[in-house]
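The values are calculated or read from the model by the stated rules, or taken from the named source; none is laboratory data. A quick note: this is a predicted structure, and the numbers were derived from the prediction, not measured. Every residue, glycine among them, receives a Cβ derived from its backbone with ideal geometry; neighbour counts consider all protein chains shown. The area values use the complete protein model at the heavy-atom level, side chains included, leaving out ligands, DNA and RNA. Shrake-Rupley method; radii C 1.70, N 1.55, O 1.52, S 1.80 Å.
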Amino acid sequence: MVSVLSQWPVRPLSMGEYGLLGFCCPGPGCLLQERTMMMSTPLLITLVLCITTSVLQAQGSAPKMAPSELEEMESDVDTLEKKLQQGCGSALHARERLNRLEEKLVHQEKYNFTGSMIEIYVFKFMTEHFRGLNLSSRMDMKPGGGRRLRHAMNFPAELVEGVRVRGVEQKLVCIYIHSPCIFQDAHNSSMLNNDVLGAFLHSEHVAELSRPVEIQFWHDMVLDASNATCVFWQPGAGAGSTGSWSREGCKTTHREGTIICHCDHLTYFAVLLLPAGTLNPAQLASLTHISTIGCSLSAAATLCTLLLCYFSRQRLRDNTTRIHMHLLAALLVLNCCFLLSTALAASAEGLCRVTAALLHTGLLCTLAWMAAEAFHLLLLLVKVYNIYIQHYLLKLCLFAWGLPILAVVAVFVFKRDTYGYHTISTSEGYRNVTMCWLTSPSAHYTTLCYAGLILLFNTLVLGRVVMILQRIRQQKGQARKDWATVLGLTCLLGTTWGLAFFSFGIFLVPQLYLFTILNSLQGLFVCLWYITVHRQSKPGSVSNMSR
């Protein structure tokens, strides 16, 4: 049931209509007139019957839906209602049925339907007489039990400003759907109270209104602009493609218990609920630019450093430098695969899976070589006596290269769908970013635990180094040099990757920026640290404790 508040002009009765209602004769000639009428009673009755027949024929000539078509439409509404009650089995089939129902509704003079999942209202008006229309739902209880929150739509008089033909009868069709089944996008976005409010004119496409349509959604949740926004439905381009939600042309206003949407067109509207901590498109775009620039600089720096060390073979005599080069090689693979992951997200699924597997391999190998750096540093500074480890570098390579590659190959062979298209959601669902990465939550959390263990070990080693430096603080100059070395070791051991564990609450956005800046430039930092520290030292000055 809706309350309709509108301004409709009242048409004065015509003279012919007054004649049909009767007239008064105040003058003395009334008696003569009465006798004349009594004498012509058969003629008068015949005249009245003719006029009545003409009026009835004129009313019957108006186009109406045949009883069979009306019954068919009622059957379509009931069928759609039952399908929505059964669940979201086939969203595409339900959407096609809704499209057929829309085509039949525009032929109705007036139609009201109220069910548990669908409400339909059809209004007829003349273009030049339209002064605006307010619809407000007063149904607080569902027919099957349970509470239903209110909704309302306010159509301004400017709704018909774009209608090209004046003096033509228009029909406004309003459809309220209380189900998420029909309008499901590719991301299965969540809607406020599963309410979708739709409206359209049967003969005109309404867009770019000077005064927008106002849609109100009542709710009983704690919402703000960061996790609830007004959107409208964009149908898919193809016949079998799903549509998407967009907020172009819509503005969102939050009040206590109410979300008000102002949109400059007619279609289906809803309030999209976003997960807590979702980035907006501007933040995601800036983070994408930062990571692209940082990874490009790191890839170029690591490649140049590797080439420089390759052509100066005398610099690779000690294990410390060799371990640095392996870490730089792993960083090069990681940065290159990351740069390709977004670009190849639009390619074939098989190519995207290969890219995601390579990116995963680069990440695991980089973390493993950072652990190897920490282990080697522990031997250099903590274990002051020379320690002989047979095939030391080979064993490190088996740990840092062999194990990650073996794990990724096993996952790719036996559970290939672990890799594929990964979507980074934003506050505007239609502006999400897709990359080639892990699609399995279990694989994601396993990688996170693996990284957490390595970062914990590296942090403990770094803390041990700091304690050793405090003991030699009496050597001021050397201490200052060692403190500068600690900053380089912080990047060398990858402790900045630990920022990934602080992505919650108010730390989310600052943490993401710090994480992106520091870790995308890690390859560049390692190269600068290597050039400024190791290349200034004499060959063989670092104790070669292992073979």
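C250 sits with roughly 20 Å² accessible to a 1.4 Å probe, with DNA, RNA and ligands left out of the calculation. Once the chain from T242 to E103 is taken as fully extended at 0.36 nm per residue, the excess over their C-alpha distance is 48.0 nm.
Note on R211 and L398: the model spin-label points, each 7 Å out from Cα along the C-beta direction, lie 8.1 nm apart.
Cβ-Cβ distance of A300 and L70, R₀ of 56 Å, FRET efficiency by 1/(1 + (r/R0)^6): the value works out to about 0.20. Surface composition of the stretch 339-401: carbon and sulfur make up 72 percent of the accessible area, probe 1.4 Å. Amide H to amide H, with H built 1.01 Å from N, L133 comes under 5 Å of F155, counting only residues 5 or more places away or on other chains. Heavy-atom accessible surface of K110, to the nearest 10 Å², is about 150 Å², with a 1.4 Å probe and all protein chains retained.
Taking the average, over residues, of other Cβ atoms within 10 Å as the packing measure, peptides 345-353, 371-379, 522-530 rank 522-530, 371-379, 345-353 from highest down.
Simple spin-label estimate for S190 and T532 gives 4.7 nm between the two label positions (7 Å along the Cα-to-Cβ direction from each Cα). The length gained by stretching the chain between A443 and L381 to full extension, at 0.36 nm per residue less their Cα-Cα distance, is 18.8 nm. Solvent exposure of the stretch 339-395 amounts to 47 Å² per residue of accessible area, where only protein heavy atoms count and the probe is 1.4 Å.
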